[in-house]
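Please treat every number below as a calculation from the coordinates, not as lab data. Small disclaimer: the values here were computed from a predicted structure and weren't measured. Cβ sites come from the backbone with ideal geometry, for glycine too, and all protein chains shown count toward neighbours.
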Amino acid sequence: MKDGDVHPFDDTLRRLLSKLQVYHTISRPTPTGVVETKARGNVKNIAVSMEDRMGGRKHLTHLSHVESFGLDPDELATVLQRKWSTSCSISRLPGKTETGKMLDLQGNLLKELPRFLTEEYGIEPKYIDVKVK
């Protein structure tokens with residue numbers, strides 16, 4: 001390109017958009033106001049998974065990526081412990097690049113937990129991934 005050159009707007013816009021980074025903003029209403037979370041990249045869905053222990057007699061429910069929706073893992077762990085009278089431990093997500101925390105809840109809460117997150121915190125079901133290990 002030289003000074004004084006004229007280019008179509010569509011071409012210029014396409015070149016500009018190809019150089020931009022993807023980011024997202026999540027707004028969630030709370031009793032004290034709106035909580036807004038901004039981050040680079042695409043939205044990381046909340047992952048809820050259940051692990052079977054002791055041949056089906058004991059279960060462990062894993063919950064991760066709650067920080068991307070503006071939820072504090074420590075506060076959420078306390079709320080979940082009181083709601084279902086269960087123990088909950090918090091650990092770092094595995095991997096060098098992962099910065100979030102994972103909540104491990106005792107018991108099979110695969111159906112109750114997504115419903116609770118939707119009703120209590122207003123997180124749409126399409127942002128919650130549920131799977132059985």
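In terms of the mean number of neighbouring beta-carbon atoms within 10 Å, the peptides 30-39, 71-80 order highest first as 71-80, 30-39. The phi torsions of the stretch 2-11, fed into the Karplus equation with coefficients 6.51, -1.76 and 1.60 and a -60° offset, translate into couplings of 10, 4, x, 5, 10, 10, x, 4, 4, 5 Hz, rounded to whole numbers, with Gly and Pro shown as x.
Please tell me which of these pairs span more than 27 angstrom C-alpha to C-alpha: Lys38/Lys111; Lys58/Lys83; Lys96/Lys133; Lys58/Lys101; Lys83/Lys133; Lys2/Lys38?
Lys38/Lys111; Lys2/Lys38
Taking 8 Å as the Cα distance limit and 6 or more residues as the minimum spacing, I'd like the relative contact order of the chain as a percentage. After rounding, I find 24 percent. Looking at the square roots a ≥ b ≥ c of the eigenvalues of the Cα gyration tensor of the stretch 44-132, which shape do they give, rounded for a/c under 1.5, prolate if a/b is larger than b/c, or oblate? Because its axes are fairly even, with a/c under 1.5, the stretch 44-132 counts as rounded.
If the chain linking Thr32 and Arg15 were pulled fully straight, counting 0.36 nm for each residue of separation and taking away their Cα-Cα distance, it would gain 1.9 nm.
Other residues with beta-carbon under 14 Å from the beta-carbon of Pro114 carry, at +1 per Lys or Arg and -1 per Asp or Glu, a net charge of 0. Other residues lying with their Cβ under 13 Å from the Cβ of Asp104 contribute a combined charge of +4, Lys and Arg counting +1, Asp and Glu -1. Taken as Cα centroids, the stretch 83-104 and the stretch 55-71 sit 7 Å apart, rounded to the nearest whole angstrom.
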